[in-house]
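Note sheet for the following structure.
The values are calculated or read from the model by the stated rules, or taken from the named source; none is laboratory data. Not measured: the values here are computed from a predicted model. Heads up, the Cβs are rebuilt from the backbone with ideal geometry, glycines too, and the neighbour counts pull from every protein chain shown. The protein model used for the area step is the full one, side chains on, heavy atoms only, and it has no ligands, DNA or RNA in it. Shrake-Rupley method; radii C 1.70, N 1.55, O 1.52, S 1.80 Å.
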Amino acid sequence: MAKKKRTTRRAPGDWTPPPKVAEQKARLDRTRGKFTDARRPVPQRRLIATLFALFAVVLVGFLVLFLPSHTLVGDLRSRGVATWAEVTSAPRDKFGSPGNIKLRFDVGKREVDTTLSDWGGKRPGGLTTGSTVSVTYDPHDPTRVLTTAWVKHPPALTLPMLVFLVLTPFFLAGAIFLTVLRHRLLAAREHENKQEGELR
């Protein structure tokens, strides 16, 4: 009787696929990845446009608070007149912050009743009705008036300014990210459709 040849069994971990199989598997994985990208929902233009619009709104809001405030301080430093004013009204809003503070002071021979100008959406605290405070007003327009302390040392940033400043790059980054993602997904879908057309 002929002797049977003994076959040595390899452990499951010792088996390696032929080179062509590994290459085909890698190509298939890459193709699946592209198809997965192509099937992801594409960000709509309306959403991207909304983010760009919100970016523009918060940027304008920041500039509206920032530029006039610095212009007012610059004008009062260059030509402002210092005087003492009586606080005729010092209300507070629902958050406890100072509201529209009303002042009365003399400009020449006339008396001016006006509202203390805000700096970036903020007014100084600690003022009470009936108290007096040193203010600096614009002789060309006495309604442009700040406390003398804020003319010398205005706040660096107010809370409304800070909110707009934080939201501005957030909306811009979101709009740019979705724009890039949209172009990438549309390119992947176009590539997928082209491959399907070649297979047919």
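One table, with the values for the structure above:
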{"item": "Residue among Ser134, Ser117 that is assigned to a loop (DSSP other than H, G, I, E, B), surrounded by 12 or more Cβ atoms within 10 Å (Cβ to Cβ) and among the polar types (S, T, N, Q)", "result": "Ser117"}
{"item": "In region 44-87, the residues that are part of a helix (DSSP H, G or I) and among the small types (Gly, Ala, Ser)", "result": "Ala49, Ala53, Ala56, Gly61, Ser69, Gly74, Ser78"}
{"item": "Cβ-Cβ under 6 Å pairs, at least 6 apart or on other chains, region 169-194 side within 11 Å of Pro43 (Cα to Cα), far side surrounded by fewer than 16 Cβ atoms within 10 Å (Cβ to Cβ) and charged (D, E, K, R)", "result": "Leu185/Arg40"}
{"item": "Test: residue in region 177-190 that is surrounded by 15 or more Cβ atoms within 10 Å (Cβ to Cβ), assigned to a loop (DSSP other than H, G, I, E, B) and over 26 Å from the mean Cα position of the chain (by Cα)", "result": "no"}
{"item": "Enumeration of residues in region 137-153 that are under 18 Å from Phe66 (Cβ atoms) and either polar (S, T, N, Q) or surrounded by fewer than 19 Cβ atoms within 10 Å (Cβ to Cβ) (or both)", "result": "Arg144, His153"}
{"item": "Qualifying residue in region 160-176 (condition: exposed (fewer than 14 other Cβ atoms within 10 Å of the Cβ), closer than 20 Å to Ser69 by Cβ and either among the β-branched types (Val, Ile, Thr) or touching a Lys or Arg at 6+ places or on another chain (Cβ under 9 Å) (or both))", "result": "yes"}
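Residue-by-condition table, conditions (1) of a type in the set (A, V, I, L, M); (2) open to solvent by 60 Å² or more (accessible area, probe 1.4 Å):
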residue: Arg46; (1), (2): no, yes
residue: Ala53; (1), (2): yes, no
residue: Val60; (1), (2): yes, yes
residue: Val64; (1), (2): yes, yes
residue: His70; (1), (2): no, yes
residue: Gly74; (1), (2): no, no
residue: Arg77; (1), (2): no, yes
residue: Ala82; (1), (2): yes, yes
